[in-house]
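A.B. asks: This structure is in structure tokens; I'll ask about it shortly.
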Amino acid sequence: MTNWKLAMDAGLGYYIFFFALLLIVATAVYAINAGLIRLPGKSTQSESKITSSFMHAVKKAAGIKGFEVMGKTTVAFGGEQFTFDAILLGYYGTIAVKANYEGGEIYGSHKDETWCAVSAEGKKTYFENPLDSLMGCTRFFKELYTAERAKHGMSDSFVVFADKKAKVFAGKKLEVYTLDKLAEKLTSEKYSRDNGADINAMKAALEKYTVK
């Protein structure tokens, strides 16, 4: 009788383990399909292509205005740290650009802690408000340049949704753009102003505090 009970318990334990494993796998598959979990390999390859297109667009527009371009850069100064996907230096001053790689329809406002990307299949992906990553960077640049005695002119920052298929539904006054609007933004009259910025001095100051 004891052996029979042990066999029953072992069999029951096996089925419980099997169904628990099946539930975990099913949940993981659902999460991946729903966009809640991203496969690292697939995401990296996709973002690599998008990054290439983004930098090509940045350099093309920067060339028209004579800006010098720094690629992805992390700068630490005064106890603060910012990472930018592109920094443009010109007589206007500094333009810091943050790239976002979400695709589909993008919804959000300046007040929202999280924004939402909706794919063509209706899958929703939530991510942090992209504008928050640039909050305070204008003051940050001014303090850094002042400390290094670099003539810096003005500074500006904005977010670019680098996926060509991205469509942004946010407030018109928000500094958020799609890739097809990047050239128009960078070649605007605003950035044609000569504010007496010293490009070499600004670049040297940024490089001094760049996190390797």
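A.B. asks: Name the single residue, out of those in region 33-48 being part of a helix (DSSP H, G or I) and surrounded by 13 or more Cβ atoms within 10 Å (Cβ to Cβ), that is modelled with the highest pLDDT.
C.D. replies: Only one residue tops the list, namely Glu47.
A.B. asks: Here is a further query. Looking at region 49-70, which of the residues that are under 12 Å from Leu186 (Cα atoms) and of a type outside the set (A, V, I, L, M) is surrounded by the most Cβ atoms within 10 Å (Cβ to Cβ)?
C.D. replies: Filtering first and then ranking leaves Phe67.
A.B. asks: Then there is this: Within region 74-90, is there a residue that is touching a Ser or Thr at 6+ places or on another chain (Cβ under 6 Å), surrounded by 13 or more Cβ atoms within 10 Å (Cβ to Cβ), under 19 Å from Lys181 (Cα atoms) and at pLDDT 65 or above?
C.D. replies: Yes.
A.B. asks: If only one of Lys98, Lys111 is in a loop (DSSP other than H, G, I, E, B) and within 19 Å of Leu174 (Cβ to Cβ), which one is it? Even if it seems obvious, please write down each step before you answer.
C.D. replies: On the way: Lys98 fails: in a loop (DSSP other than H, G, I, E, B).
Step by step, each of Lys98, Lys111 is checked, and only Lys111 is in a loop (DSSP other than H, G, I, E, B) and within 19 Å of Leu174 (Cβ to Cβ).
A.B. asks: Please work out if Gly108 is at pLDDT 95 or above and not basic (Lys, Arg).
C.D. replies: So Gly108 fits the description; yes.
A.B. asks: Restricting the search to region 116-129, which residues are surrounded by fewer than 22 Cβ atoms within 10 Å (Cβ to Cβ) and either assigned to a strand (DSSP E or B) or under 16 Å from the mean Cα position of the chain (by Cα) (or both)?
C.D. replies: Once the filter is applied, which keeps residues that are surrounded by fewer than 22 Cβ atoms within 10 Å (Cβ to Cβ) and either assigned to a strand (DSSP E or B) or under 16 Å from the mean Cα position of the chain (by Cα) (or both), region 116-129 yields Cys116, Val118, Lys124, Thr125, Tyr126, Phe127, Glu128, Asn129.
A.B. asks: Would you be able to tell me the number of residues in region 196-212 that are surrounded by fewer than 14 Cβ atoms within 10 Å (Cβ to Cβ), assigned to a loop (DSSP other than H, G, I, E, B) and in contact (Cβ under 8 Å) with a residue 24 or more places away in the chain?
C.D. replies: The qualifying residues number 2.
A.B. asks: Which residue is farthest from Met202 (Cα to Cα), if the candidates are limited to region 135-145 and must be surrounded by fewer than 19 Cβ atoms within 10 Å (Cβ to Cβ) and touching a residue at least 24 places away in the same chain (Cβ under 8 Å)?
C.D. replies: Gly136
A.B. asks: Only one of (1) in a loop (DSSP other than H, G, I, E, B); (2) under 17 Å from the mean Cα position of the chain (by Cα); (3) under 21 Å from Lys111 (Cα atoms) fails for Lys173. Which number is that?
C.D. replies: (2)
A.B. asks: Let me ask something else about it. Asp163 - would you say it is farther than 15 Å from His110 by Cβ, in a strand (DSSP E or B) and either of a type in the set (Asp, Glu) or free of Cβ contacts under 8 Å to residues at least 40 places away in the same chain (or both)? Talk me through it step by step, then tell me what you get.
C.D. replies: Numbers: farther than 15 Å from His110 by Cβ: yes; in a strand (DSSP E or B): no; either of a type in the set (Asp, Glu) or free of Cβ contacts under 8 Å to residues at least 40 places away in the same chain (or both): yes.
Judged against the criteria, Asp163 is not a match.
A.B. asks: For region 91-107, which positions are crowded, with 16+ Cβ neighbours inside 10 Å, under 16 Å from the mean Cα position of the chain (by Cα) and of a type outside the set (Asp, Glu)?
C.D. replies: Matches in region 91-107: Ile95, Ala96, Val97, Lys98, Ala99, Asn100, Tyr101, Gly103, Gly104, Ile106.
The values are calculated or read from the model by the stated rules, or taken from the named source; none is laboratory data. As the structure is a prediction and not an experimental result, all values here were calculated from the model. Counting neighbours? That spans all protein chains shown, and the Cβs are built from the backbone with ideal geometry, glycine included.
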